[in-house]
Amino acid sequence: MNFLYTVTKLFKSDYRIKESKFLGYLHPAESKTEADHFLETVKDEHPTATHHCYAWRVNPNKIEEFDQDDGEPSGTAGLPILNALKSADLVNCIMVSVRYYGGTKLGKSGLIDAYGESARQCIEHAVMKEVVPVQTYRIQYNYEHQGIIDKLKNDFTLIELNSVYLEDVTYEFGCPVDEIDRLEGKLKSVTHLFEDFEKTGESFHIKK
């Protein structure tokens, strides 16, 4: 499985070539809505910029991605930004490159290089954290079966999401996707001992 990464705060860059200025903004975004919201923030900050080009990637479990040239020739702005994100295995983030035109045309190849460099410089300055796609589960069990759960925790990289201790224990956790087959193979032999067992969905975990 390829490792994925994200950022948890804003990072910026400032790249200049032939009097044109490219201001890079790399920001967390877990959805298209969050990406769009940040884009509007950048546009409000730079209302007189010539272009606000961007790309985003979200959903570590099934990656969705999008890029926008914002008036630059097709494929010369959003795509090189997106390719920079993909090369760095970044997800759940948006990269915006704001261009102030300096009076000298760069040509298509020059634009591709400039927007790509703007994104790469921003990524180079960023502190990235590993993102682990997980399958989530909920198990309800009697206290007498705590040993089974403890062994699962020892044998697999389980990420605790929530635990409730009442008459029974309800344990909610995530399992990295590359361990799912082994975990579910093990669970088949013990689920009859649980009060309840449910596969609850897909999520992700950001390593500290």
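Every read-out reported here was derived from the displayed coordinates using simple, explicitly stated rules and does not represent laboratory data. Model, not experiment: these values are computed from the prediction. Quick reminder, even Gly has a Cβ in these numbers, built from the backbone with ideal geometry, and neighbours come from all protein chains shown.
The table for this structure:
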| read-out | value |
| --- | --- |
| Enumeration of residues in the range 59-81 that are surrounded by fewer than 22 Cβ atoms within 10 Å (Cβ to Cβ) and either under 30 Å from G201 (Cα atoms) or among the small types (G, A, S) (or both) | N59, N61, K62, I63, E64, E65, F66, D67, G71, S74, G75 |
| Enumeration of residues in the range 60-101 that are part of a loop (DSSP other than H, G, I, E, B), of a type outside the set (V, I, T) and over 15 Å from K129 (Cα atoms) | N61, K62, D69, D70, G71, E72, P73, S74, G75, A77, Y101 |
| Sole exception among (1) in contact with a Ser or Thr (Cβ under 6 Å, 6 or more places away or on another chain); (2) part of a helix (DSSP H, G or I); (3) in contact (Cβ under 8 Å) with a residue 40 or more places away in the chain for T136, by number | (2) |
| Residue under evaluation A35, criteria (1) among the aliphatic types (A, V, I, L, M); (2) surrounded by fewer than 19 Cβ atoms within 10 Å (Cβ to Cβ); (3) touching a strand residue (DSSP E or B) at 6+ places or on another chain (Cβ under 6 Å); (4) touching a residue at least 24 places away in the same chain (Cβ under 8 Å), criterion not met | (2) |
| Scope the range 103-119; condition surrounded by fewer than 15 Cβ atoms within 10 Å (Cβ to Cβ), among the small types (G, A, S) and in contact (Cβ under 8 Å) with a residue 12 or more places away in the chain; matching residues | G103 |
| Filtered residues of the range 77-102 (kept if in contact (Cβ under 8 Å) with a residue 40 or more places away in the chain, closer than 20 Å to E34 by Cβ and of a type in the set (G, A, S)) | A88, S97 |
| Sole residue being more than 16 Å from F11 (Cβ to Cβ) and under 15 Å from the mean Cα position of the chain (by Cα), chosen from N83, N142 | N83 |
| Total residues in the range 21-31, condition within 17 Å of A49 (Cα to Cα), surrounded by 20 or more Cβ atoms within 10 Å (Cβ to Cβ) and not hydrophobic (A, V, I, L, M, F, W, C) | 2 |
| From the options D150, D113, residue that is closer than 30 Å to K21 by Cβ and over 22 Å from the mean Cα position of the chain (by Cα) | D113 |
| E30 being within 23 Å of V177 (Cβ to Cβ) and assigned to a strand (DSSP E or B) | no |
